[in-house]
Each structure stands twice: as C-alpha cells, then as structure tokens.
Amino acid sequence: MPSAPKKLPAHRRDRCQSAALGKFGEFVAAQYLKTLGYTILAKNFRHIGFEIDLIAELGDSLCAVEIKTRTAQPIYRMCAHELLATRKLNALAKGLSYFRTINRLTHNTLRIDFALVVISNAKPRLYYWKDVGGEVQIT
C-alpha cells in the first residue's frame with residue numbers, strides 16, 4: 001500500500017510560496033506594461049552575475065524591469081531607490097546592455113524601471129517607477 005505523501009519542511013514551503021508570489025507579481029507587471037503598449041521580449045533573463053525579471057520595449061526604448069512583490073501594504077511609502085541597491089542597479093544595467101548586444105538590437109534608449117506589486121485583500125496594487133537607474137551608466 002502506498003504511503004501518504006510527505007509534507008514539505010516549513011523552509012521549503014516558504015520558498016515555494018515565495019516563488020509563486022514572485023511569479024504572480026511578474027504576471028501583474030507584464031499585463032500592466034502590455035496595456036500601455038509595451039512588448040515583453042524576455043522574462044527572467046539570466047546570465048553570470050545578473051537576472052532581469054522583465055525586458056520590454058516600447059518604440060525605441062528598451063527597459064529592464066525589476067519587480068518586487070509584497071503581501072502587505074508598506075507602512076510608509078518608499079521610493080524605488082530605497083528598494084534597489086546600487087549593486088542591483090549596476091547588474092541590471094550590465095544585463096540590459098548584454099541582452100541588447102546578443103540580440104543585435106538597435107534601441108537608442110536603455111532604461112531601468114521598477115515595479116512594486118502589493119497584494120492585500122486579494123487585489124494586487126501596482127506601483128511603477130520609470131528610469132530608476134538614472135545615475136547608472138548603461139552602454
């Protein structure tokens with residue numbers, strides 16, 4: 001007789017829930033961008049030293065979008081610069097430049113955007129900042 005399925009340890013359950021929450025946040029952000037006319041070129045683009053949640057284009061702009069998903073309303077409003085470390089911004093800039101190069105894209109404007117998806121009362125709320133990497137050099 002087969003045994004009952006084993007229950008995952010708490011730390012593994014938390015990791016699975018966190019991954020599912022992140023995927024949902026990426027879906028919400030992608031849908032928002034599509035309604036604005038953006039084309040999603042890549043999701044979870046990875047290479048050595050970086051991962052970009054979404055890469056989207058609109059006209060001559062190519063955007064790396066970093067997405068954070070939370071389950072509760074922040075106690076105070078934070079600006080995107082407080083949620084993204086300079087190290088992360090530099091990695092996103094490097095990754096976006098690499099993506100443009102390997103795909104032989106000719107976009108003149110490269111930009112880093114940030115999306116915060118807050119899920120409360122089963123309804124997601126999206127906060128979106130454009131060009132948060134203004135001080136980061138993208139070549």
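Here, each number is a calculation from the coordinates, and none is a lab measurement. Only a predicted model underlies this, so the values are computations on that prediction, with no experimental measurement involved. Virtual Cβ from ideal backbone geometry, glycine too; neighbours counted across all protein chains shown.
Applying 1/(1 + (r/R0)^6) with r as the Cβ-Cβ distance of residue 24 and residue 130 and R0 = 22 angstrom yields a FRET efficiency of 0.50.
Ordering 23, 68, 123 from the fewest to the most neighbouring beta carbons within 10 Å gives 123, 23, 68. Is segment 20-70 best put as rounded, prolate or oblate by its Cα gyration tensor, with a ≥ b ≥ c the root eigenvalues, rounded for a/c under 1.5, and otherwise prolate when a/b is larger than b/c, oblate when not? Note, shape of segment 20-70 comes out oblate.
Taken along the Cα-to-beta-carbon direction at a fixed 7 Å, the label points for residue 85 and residue 34 span 3.3 nm.
Could you compute how fast segment 11-129 diffuses translationally, taking Rh as the Kirkwood radius over C-alpha pairs and applying Stokes-Einstein at 4 °C with viscosity 1.567 mPa s? Give it in µm² per second.
Estimated diffusion coefficient is 86 µm²/s.
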